[in-house]
Every structure is written in C-alpha cells, then in structure tokens.
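Read through the structure below, which is laid out as structure tokens, and then see the notes.
Computed from the coordinates by the stated procedures, all read-outs in this text should not be read as laboratory data. Just so it is clear, the structure is predicted and the values come from calculations on it, not from any experiment. Here the Cβ is made from the backbone with ideal geometry for all residues, glycine too, and neighbour counts use every protein chain on show.
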Amino acid sequence: MANTTSTLTPVPAFSDNYIWVLSKDGRALVVDPGQSEPIEAFLKEYQLTLDAILLTHHHPDHVGGVETLKALTGATVYGPLSETLPACDVRLKEEDEIFIEGVGIRLSVIDVPGHTAGHIAYFGYKDNETPLVFCGDTLFAAGCGRLFEGTPGQMWNSLSKLKELPLETLVCCAHEYTLSNLRWALAVEPENTALQQRWKTATKLREQGLPTVPSTMGEELETNPFLRPLQEKVAASARTYANATLDSAVEVFACLREWKNNFK
C-alpha cells in the first residue's frame, strides 16, 4: 500500500550545508546538491529513485554534485534562468511552475536576487497542505545571505516577497547557521523574548546533533532582524550601530547586513 504523506529531510553536506530531500512512495527530489555522495548514500539507504534536482543558484556548494547525480539517475535538473550551472534541463524564472509527479508536488518559482544575481526560490505545498519554501541562501534561520552579487535594495525586495508567504511555511534554507545568526540577532534585539526562547531551543537541538531547520515564516517574522527593519527597536539598534539616521527599510537592512558581516 502506498504512503499517503511525503518525507522532508535535510541531509548534511560539507561542514554546514543541508541538501533537502523530499520523498514519497520511493521517489525523490533533491535541492542544491553540493555533493553527490551524501545523496547517493541516502537514496541507497531508503531505496529511492531520484526524479528531480532543483537548483537555487550557481555557487559550488549548491551545484557540485549535480553532474554526478544526473549521470547516475537521469534526474531532470531545474535551475535559474540566468545563472551558469554545470547542468540544467529546465530554466526557470518568477511565475513559472513545475510539477514533480513522483513526489506529487507543484512548485512556483520566486525570483530572489541579492545573494546572487539570478537566485530563485521554490514554493509549494507538501502533500497539498503544508506550505514550504526552498530558499537556498536567500533566507536563513534568523539570518539572510551575504550580498555577493546584488544590492541591499534587491535583497530587501526578495525578502519582502518571502515575508508574504503563509506564516506556517516551512523555511528550508541551505545552511546550519542558526546559532551564529541568533547570537547576532540577540545583539540587535536583546529584549525580544521570542528570540531568547529560540536561542534556548536551537542550542538544545545542536547539543543533540540535530538540525535547527526548517523554521517557519512566522518564527522568522518574530525573530529575524533582516525581516524586521521597520520594527522600531530593530531600526533603533541599527541607527545606534551606524551612528546615522537610516530613514528607510532599505537603509536599515543595509546597516544590519554590514553589522552581521562584521559581527564576531
């Protein structure tokens, strides 16, 4: 008898990457396989057939295993329209939709430039009920990606799109950066009780060797300073750090990103 629910798994890679696997009834998709070996082992252990590889952006720690996995499995590779990728069968841009039949999920594409110029995210409903977003290195648990190819305005616009997703959306980011992000977030908002509790919870998870992700969009809206530049306490902290007026959300966001870049 076939399973009725799919399984979402963050497979560790390198020192702090996660390669997301969504599997159901012996079929699977993977997101951003920077290494092939962890996924080869996972597919073998759980006797899964890989149908699709989803790429969010071109960085090597997200695409390094693509060619090997495609050669081994024949999986269809989906990726951003405008980025240079080692392999890609279907190029995607905002408002495109894909349906991965084996795991039964329809995903819509969101353009989220900032970390890279052509970064995309994939949003859909697991088992037609639980919203999730594969956001690569755009949004992290209590953080966001560095601006390697984009501007603060682009990244704030991208994060603003993700902010509009349902509160229960599972935020499937690509790195275990949560504790370092939370340390910084507590410097920005030391009186945020939700943030204090999140620090305790995340610390316990890491002590047990467990992932701190996925989070939810609701949790991010309460505790991620990068999504909160219009909150007065966040803006006030940024102004103090920059010793500047910072009149707009983009200016506050840019200050927060510089602050995090330099935070020890």
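Overview of values
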quantity: Highest to lowest packing among 84-97, 9-22, scored as the average C-beta count within 10 Å; calculated: 9-22, 84-97
quantity: For Thr216, residues with placed amide H under 5 Å, excluding near neighbours; calculated: Val171
quantity: Top of Ala242, Ala52, Ala117 by mean-square fluctuation, Gaussian network on the chain, Cα under 10 Å; calculated: Ala242
quantity: Distance between segment 54-71 and segment 197-216 - C-alpha centres, whole angstrom; calculated: 27
quantity: Directionally averaged shadow of segment 96-146, computed from the convex hull of its alpha-carbon atoms, nm²; calculated: 3.9
quantity: Positive minus negative residues near Leu170 (Lys, Arg vs Asp, Glu; Cβ under 14 Å); calculated: -4
quantity: Antiparallel DSSP beta bridges within the chain, as percent of all bridges there, nearest 5; calculated: 65
quantity: Cross-link table Lys200/Lys260; Lys24/Lys200; Lys200/Lys264; Lys126/Lys204, entries beyond 23 Å C-alpha to C-alpha; calculated: Lys24/Lys200; Lys126/Lys204
quantity: Segment 33-50 and segment 143-189: distance between their alpha carbon centers, rounded to Å; calculated: 28
quantity: Full-extension gain in nm, Ser108 to Lys264, via 0.36 nm per residue minus C-alpha separation; calculated: 52.5 nm
quantity: Inverse of mean 1/r across different Cα pairs in the chain, Kirkwood, Å; calculated: 18.7
quantity: Of the chymotrypsin sites (Phe, Trp or Tyr not before Pro) in segment 208-264, those whose Cβ has at most 16 other Cβ within 10 Å and which sit in DSSP loop; calculated: Phe263
quantity: Within the chain, helix-based [θ] at 222 nm, where runs of 4 or more DSSP H residues each add -39,500 (n - 2.57), nearest 500; calculated: -10000 deg cm²/dmol
quantity: Calculated FRET efficiency for the pair Arg146/Lys233, C-beta based, R₀ 22 Å, to 0.05; calculated: 0.35
quantity: Mean separation of Cα contacts under 8 Å (6+ apart) over length of segment 7-262, as relative contact order %; calculated: 13
quantity: Förster-model FRET efficiency, 30 Å R0, Glu37 and Ala187, C-beta, rounded to 0.05; calculated: 0.20
